[in-house]
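Dropping the structure in here first, questions after.
The values are calculated or read from the model by the stated rules, or taken from the named source; none is laboratory data. Because the structure is a prediction, the values reported are computed rather than measured. Glycine also receives a Cβ, built like all others from the backbone with ideal geometry; neighbour counts cover every protein chain displayed. For accessibility, only protein heavy atoms count, side chains too; no ligands or nucleic acids. Shrake-Rupley method; radii C 1.70, N 1.55, O 1.52, S 1.80 Å.
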Amino acid sequence: MRYAQGGGLTNERRAFREKLRIEASERFTQGDENAVIAHDLRVSVRSVQRWRKAWSQGGPRALASKGPASLPLLSNELFAVLEQELAEGPVAHGWPDQTWTLSRIRTLIGRRFHKSYTVQGIAALLKRHGWSCQVPARRAVERDEVAVAGWVKETWPSVEGPWRRSRPGSSSRTRPVSR
């Protein structure tokens with residue numbers, strides 16, 4: 001299941017779901033049917049079936065929350081150190097310009113903390129800690145309009161490829177005109 005924030009459930013939501021499972025276990029002891037329990041708790045019948053199976057094998061303790069699925073690779077303390085590293089800038093870490101990219105941050109985390117993240121994981125990590133993408137508010141002063149226009153006229157057409165000309169034909173796959 002995917003979550004909008006890029007992470008798992010919050011502690012409050014996990015506690016709420018555990019409360020539902022405990023309430024279902026009480027209903028199991030009373031002998032209520034799965035469909036009735038699902039309707040009353042506003043969950044799917046399949047969830048109640050899974051809970052009943054776990055309850056029959058391990059009792060009410062089998063329905064207790066086991067905590068978050070995984071702990072973050074970087075703790076809050078390590079993320080604070082990462083923020084200090086990011087504040088120094090990419091040039092201080094050996095890159096030629098002052099642009100932080102997700103892949104550069106990934107490399108920095110690997111070098112500094114010996115942890116491995118995916119690029120999407122870096123994006124989720126930064127978003128979770130309140131960071132956002134930064135886009136330039138205006139064009140660069142160094143922008144060369146003549147070079148850009150030349151590139152659009154000369155290079156881009158070869159990259160884009162030729163347009164396919166439309167011509168009269170037939171929609172039949174067996175007629176030669178349609179080929």
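If a residue must be over 18 Å from GLY67 (Cα atoms) and open to solvent by 90 Å² or more (accessible area, probe 1.4 Å), how many such residues does region 13-29 contain?
Initially, region 13-29 is screened for residues over 18 Å from GLY67 (Cα atoms), giving 23-29.
Now drop any that are not open to solvent by 90 Å² or more (accessible area, probe 1.4 Å), which leaves 26, 29.
Count: 2.
Which of (1) without any contact (Cβ under 8 Å) to a residue 40 or more places away in the chain; (2) under 30 Å from the mean Cα position of the chain (by Cα) does LEU125 not meet, given it meets every other one?
All conditions pass for LEU125, except number (1).
One line per residue, one yes/no per condition, for (1) open to solvent by 80 Å² or more (accessible area, probe 1.4 Å); (2) in contact with a helix residue (DSSP H, G or I) (Cβ under 8 Å, 6 or more places away or on another chain); (3) of a type in the set (S, T, N, Q):
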position: GLY31; (1), (2), (3): no, no, no
position: VAL43; (1), (2), (3): no, yes, no
position: SER47; (1), (2), (3): no, yes, yes
position: GLN57; (1), (2), (3): yes, no, yes
position: ASN76; (1), (2), (3): yes, no, yes
position: ALA80; (1), (2), (3): no, no, no
position: GLY94; (1), (2), (3): no, no, no
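Listed here are the residues, each with its yes/no results for (1) under 26 Å from GLU12 (Cβ atoms); (2) in contact with a Ser or Thr (Cβ under 8 Å, 6 or more places away or on another chain); (3) at pLDDT below 95.
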position: ARG46; (1), (2), (3): yes, no, no
position: GLY67; (1), (2), (3): yes, no, yes
position: ALA92; (1), (2), (3): no, no, yes
position: GLY121; (1), (2), (3): yes, no, yes
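Go through region 129-153 and count every residue that is open to solvent by less than 100 Å² (accessible area, probe 1.4 Å), part of a loop (DSSP other than H, G, I, E, B) and of a type outside the set (A, V, I, L, M).
6
Check region 63-75 and report whether any residue there is under 22 Å from the mean Cα position of the chain (by Cα) and in a helix (DSSP H, G or I). Break it down stepwise before answering.
At the first step, the residues of region 63-75 found to be under 22 Å from the mean Cα position of the chain (by Cα) are 67-75.
From the residues that got through so far, the ones that are in a helix (DSSP H, G or I) too are none.
Within region 63-75, none of the residues are under 22 Å from the mean Cα position of the chain (by Cα) and in a helix (DSSP H, G or I).
Across region 140-174, what is the number of residues that are modelled with pLDDT of 75 or more and not hydroxyl-bearing (Ser, Thr, Tyr)? Walk me through it before giving the result.
First, the residues of region 140-174 that are modelled with pLDDT of 75 or more: 140-159.
Next cut, not hydroxyl-bearing (Ser, Thr, Tyr) only: 140-154, 156-157, 159.
Summing the residues that are modelled with pLDDT of 75 or more and not hydroxyl-bearing (Ser, Thr, Tyr) in region 140-174 gives 18.
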